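Please read the structure below before turning to the comments.
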Amino acid sequence: MILLLLVSQSVFGQWHITGKVTDGATQKPLPMVDVYNKSTNFLTTTDKNGRFDIPNLASGEYELIIFSYDYEAQSRKVSVGQSNQSVDFELLELSQELSEVVVSQQREKIFGLKRLMPVEGTAIYAGKKTEVVLLDQLVGNLASNNARQVYSQVVGLNIYENNDAGLQLNIGGRGLDPNRTSNFNTRQNGYDISADVLGYPESYYTPPAEALSEIQVIRGAASLQYGTQFGGLINFKMKKPVRDKKIELVSRQTLGSYGLFTTFNSLSGTAGKFSYYTYFNYKSGDGYRPNSNFHSSNYYGYFDYQLTRKTSLSFELTHLSYLSKQPGGLTDTQFVADPMYSNRERNWFEVDWNLYAMKLKHKLSPKTDISLNVFGLDAERNALGFRGNIENANSNPITDMDESDANGQFVSPRDLIKGSYKNWGAEARVLTRYRVKGQNAVFLIGSKFYNANNSANQGAGSSGTGADFAFNDETYPDYPNQSAFKFPNLNASLFGENIFFINDKLSLTPGFRYEYIKTESIGTYNEVNFDNAGNPIFNQEREDNRTLERSFVLLGLGASYQQNDHVEWYANFSQNYRSVTFSDIRTVQETFFVDPDISDEEGFTSDFGVRGKWGEQLSYDLGGFGLLYNDRIGIVLDDRAYRVRKNIGKAFIYGLEAFADWNLIGTLKADANKFRLNWFVNTALTNSEYVDSEINNVKGKKVEFIPAVNLKTGLKFGYQNLLASLQYTRLSRQYTDVENSPIPQSGDNREGVIGEIPAYQIVDFSLSFTHKMLRFESGLNNLLNSNYFTRRATGYPGPGIIPSEGRNFYFTLQVKI
């Protein structure tokens, strides 16, 4: 690698465009201004002295665009001959009373910010399916992290709705289970935030939308740079510190239906070389159903120091704690009778999440950037609840009564599962630009080390009603679900990609990822048998120690054809891999078993499509995808109606995806400085099939969690600083088990747990108004008060149907000082 860097510095030296950006009135230098080379898709920002440098240019003409929220944008063509060029820009300040509509349209008009650029920082996105959610342009329920609105323009996502003000994000897509976003590599500012990236990739923490600048979604081809998973990457990018103030306060207070209250307060600023962004967010509510109250506290701090012009060091700290009561799941009969019903009074869930990260960024030369990200997690997650009569396999855990004595005191212990996650990792990247036979090229190489030491304990909780997360195994020695396990995990990887520009329009991006994984399971569990009267007749502790060690190489290839400045064709292919997780190999219920021969999943994903703009009126991304899943893991029922987790077989998933955003103001020739009127359509048409399986009644069936039609469409409209949005969401029916079981008859012990999720449609309306330092937001979610659900839970937070919220409102007041 060192030899390559030296060669790239000495042999392929090319020309630079340098310059300075200043305030046209005061002549003061302007830092943090975007400088975009439209001809090469290269983006940089000015330093504290207002200077910029665009390196590695061949002779020719380049179009530069200079953008800042507070100044009028400029565009200029610069010719490069056989020497470096210097060009300065003077920007004119915009009016302080400028309409929010104009600011949004100005940036959207200049940059195609709906997708990532081919190269950003020390990452390569050329030829990949990328989508970017811009939070500052969203008119929606940010206080509750309403995923239906936040991800409305990301194609094909399937969402579980938890009704907990967005404390947990549950999204999937293309047949991937949405549960806690476990099939995506979930990151915050580029570092992992899930419980265990490979061993338990579930995310119990989701940053508040009010703190985010954007959400980056990169589909399956991201496996080469970000991991092996089929889903790809979701990266939450926090807001950056303000550069022109030493301190800026933003305070947001929200009230809503069902006792919702949230307060979000942030401080941000820059003093010399030091900058910071920090916030505190508190949420509480009674919930849509009885027994579903919650409260949470979330703190985040980002602190950055610019050591030199080329080097910066930042530190981040995140803390989240929340406690929520769980109302339990419903059978289909109960849901139809009353979707707000709850028969669980003492189920609780608790999370304590602590994240740490330190990042070093250094510009080794005008052509080469390096970064080092060191991060860690110290977290706990506790689930407490009554799951029904676990001693009787033919009982229904949803309808079984939580027994009490003659005095009304509960007599049955609650099941308690405590998880502890302690891990750390480091990821280093080097990206350099060079030339091959007169054409540009970009090379990325990186390495990641990850070490985890997690544990899970299960046993008898208390027989009370409160949030008591202490074990009571001595009081209940014959409680059947007792176990204590440690899960060490070691992962090391090496990855690389290279963009080869074949000519001015066509580029190819091959890549690889070498992965070494060692996961272990060390612990004991109790085997308890009962007679027909329910009396314990056998209780023995057994060991269950396993080690899974493997290494492999994943390959991928991306291609991009830039037909012109407005049209790009893209395609990519990438191998994928999903290792067996802790939840795949551990039994947590008497009626739930794991196949001892369960193994990892592997396959590939592929995307192709065309994206771009038609004038300034239409932005679009049209394409298709294919996903092959070998040895897909799922759940089947055996001849005793016990649920068994095992490898199901080979599944193939394919479909068409389309997104279009039509600027009607441009079409109607209206005044774009006063009005905004956009109509967007987001559609995914997906088909799937189990093409091979050794299990009866599976081959030829549809894959779970896939609606054939996933449609989101809506209008964004506004006048001056009054903005509004109206959104319609429709998902067709989807199956929840591999046998595509119909909804069981009333009284069946499987009712509520298996069966399809019926089609549903939702309408949301949101409104915002900004006046000087004040901003007002309000809206109605589920405007037509549809009764629907998105999930049949087999465990937490059910089991059974988890109803989604009916009509609900919110009102937010924001003050910015």
**Fill in**
Between Leu317 and Ser213, the two model label points (7 Å from Cα along the beta-carbon direction) sit apart by a distance in nm of 2.3
**Request:** May I ask you to derive the relative contact order of the range 314-394, considering only C-alpha pairs under 8 Å and at least 6 residues apart, and to give it as an integer percent?
**Result:** 32
**Request:** Determine the gain in length on full extension of the stretch His362-Lys422; use 0.36 nm per residue of separation and subtract their C-alpha separation, reporting nm with one decimal.
**Result:** 18.7 nm
**Complete:** Any aspartates and glutamates whose Cα falls less than 18 Å from that of Lys325, other than same-chain ones fewer than 8 residues away, would be Glu161, Asp164, Asp286, Glu345, Glu350, Asp352, Glu380, Asp402, Asp415, Asp468, Glu805
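Give Lys646/Lys699; Lys273/Lys363; Lys20/Lys361; Lys245/Lys361; Lys650/Lys701; Lys310/Lys367 a once-over and call out the pairs whose C-alpha atoms are over 19 Å from each other.
Lys20/Lys361; Lys245/Lys361
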**Prompt:** Sorted by packing (mean other beta-carbon atoms within 10 Å per residue), highest first, where do 445-458, 798-811, 690-703 land?
**Reply:** 798-811, 445-458, 690-703
**Asked** Taking the Cα-to-Cβ direction at Arg733 and at Lys486 and moving 7 Å from each Cα, how far apart do the two end points lie in nm?
**Response** 5.0
**Asked** Ignoring ligands and nucleic acids, what accessible area does Met401 show with a 1.4 Å probe (Å², nearest 10)?
**Response** 140
**Request:** May I ask you to evaluate 6.51 cos²θ - 1.76 cosθ + 1.60, the Karplus curve with θ = phi - 60°, for each residue of the range 425-432 and list the ³J(HN,Hα) values in order in whole Hz, giving x for glycine and proline?
**Result:** x, 9, 10, 10, 9, 10, 10, 9
**Asked** Non-local amide H neighbours of Ser194 (under 5 Å, H modeled in plane, Pro and chain starts lacking H): which ones?
**Response** Thr186
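For the chain, what is the calculated [θ] at 222 nm in deg cm²/dmol (nearest 500), taking -39500 (n - 2.57) for each run of four or more DSSP H residues and dividing by its residue count?
The helix-only estimate for the chain comes to -1000 deg cm²/dmol at 222 nm.
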**Message:** Can you tell me, using C-alpha contacts under 8 Å and at least 6 residues apart, the relative contact order of the chain as a whole percent?
**Reply:** 10
**Request:** With a probe of 1.4 Å, find how much accessible area the chain has per residue, and write the answer as a whole number in Å².
**Result:** 40
**Message:** Given Cα positions, please report Rg to Rh for the chain, the hydrodynamic radius being the Kirkwood one.
**Reply:** 0.97
**Item:** Burial order of peptide ranges 714-726, 670-682 (average beta-carbon count within 10 Å, highest first)
**Value:** 714-726, 670-682
**Prompt:** So what J values fall out for the range 569-576 if you push phi through Karplus, 6.51 cos²θ - 1.76 cosθ + 1.60 with θ = phi - 60°, rounded to Hz, Gly and Pro as x?
**Reply:** 9, 9, 7, 7, 9, 8, 6, 9
**Surrounding net charge for Glu345, when Lys and Arg each add one and Asp and Glu each subtract one, Cβ distance under 10 Å** = +2
**Asked** Magnitude of the Cβ-charge dipole of the chain, K/R +1 and D/E -1, about the Cα centre, nearest 20 debye?
**Response** 3260
**Asked** Applying 1/(1 + (r/R0)^6) with R0 = 45 Å to the Cβ-Cβ distance of Ser551 and Asp478, what FRET efficiency is obtained, to the nearest 0.05?
**Response** 0.55
**Item:** Carbon + sulfur, % of accessible area of the range 395-515 - ligands and nucleic acids excluded, 1.4 Å
**Value:** 57
**Complete:** So Phe303 and Ile537, fully extended at 0.36 nm per residue minus their Cα-Cα distance, gain in nm 78.3 nm
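Using 0.36 nm per residue of separation minus the Cα-Cα distance, give me the extension gain between Ala759 and Arg807 in nm, one decimal. Show your work: numbers first, answer last.
Numbers: separation 48, 0.36 × 48 = 17.28 nm, distance 1.79 nm.
Roughly 15.5 nm would be gained on extension.
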**Item:** In degrees, nearest ten, helix 100-110 long axis to first principal axis of the chain (Cα)
**Value:** 70
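The values are calculated or read from the model by the stated rules, or taken from the named source; none is laboratory data. What you see is a predicted model; the values in this text were computed from it and never measured. Backbone-built Cβ (ideal geometry, glycine too); neighbour counts: all protein chains shown. Protein only, heavy atoms only, side chains kept; ligands, DNA and RNA dropped before computing areas. Shrake-Rupley method; radii C 1.70, N 1.55, O 1.52, S 1.80 Å.
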